[in-house]
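Written below as structure tokens is the structure these notes are about.
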Amino acid sequence: MTVIRLIKRAVRAVAPPALFLSLTVYFGWNALHGAHGIRAYQEQTQLQQQAIQAEQDAKDEQTVWHRRVLALKEKALDADMLDERARAMMNLTRKGDLVVPYGAHDKLF
């Protein structure tokens, strides 16, 4: 009977701390790796920054196209600008033109 009593005491001494430790580990793991944890928050923040950058790039491109469209309106059509754009699109130059090469990712305007 003393052996059974010792086992019961051991279980009573170990069970509550083991239970609380396992709960702490479970909630700690979910706080880091869960669907609403720290890592998920970091991923969402990174996605948000990418979306903000994509929006800014789209606004920049829209501004460029808006300027181009305004420059091509019939009442504001500039013959020099039209000639320059036509030669640039067809990759042609006149005799005596100065050609300045630029990188593929450099913006002209």
*Ignoring ligands, DNA and RNA, what accessible area per residue does the chain give at 1.4 Å, in Å²?*
96
*Measure off, as a whole percent, the carbon and sulfur share of the 1.4 Å-probe accessible area of the chain, all protein chains present.*
62
*Calculate, for VAL100 and LEU72, the FRET efficiency according to 1/(1 + (r/R0)^6) with r their C-beta to C-beta distance and R0 30 Å; round to the nearest 0.05.*
0.80
_Options TRP29, ILE52, ALA10, ranked by Cα towards positive dipole end of the range 9-60, top entry (Cβ charges)_ = ALA10
*Please determine, in degrees from 0 to 90 and to the nearest 10, the orientation of helix 38-71 with respect to the longest principal axis defined by the Cα atoms of the chain, where the helix direction is its Cα long axis.*
10
_How big is the dipole moment of the chain about its Cα centre under a simple scheme where the beta carbon of each Lys and Arg is +1, that of each Asp and Glu is -1, and everything else is neutral? Debye, nearest 20, please._
1080
*In nanometres, what is the gap between the two model label sites at TYR41 and PHE27, each 7 Å from Cα along Cα-to-Cβ?*
1.6
*asked:* I need the per residue convex hull volume for the chain, using only the alpha carbons, in cubic angstrom as a whole number.
replied: 155
*Determine, from the Cβ-Cβ distance of MET90 and GLN53 and an R0 of 35 Å, the FRET efficiency 1/(1 + (r/R0)^6), rounded to the nearest 0.05.*
0.55
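The values are calculated or read from the model by the stated rules, or taken from the named source; none is laboratory data. The structure presented is a predicted model; accordingly, all values stated were derived computationally and were not measured. Neighbour counts are summed over all protein chains in view; Cβ atoms, including those assigned to glycine, are modelled from backbone coordinates with ideal geometry. Only protein heavy atoms, including side chains, enter the accessible area calculation; ligands, DNA and RNA are left aside. Shrake-Rupley method; radii C 1.70, N 1.55, O 1.52, S 1.80 Å.
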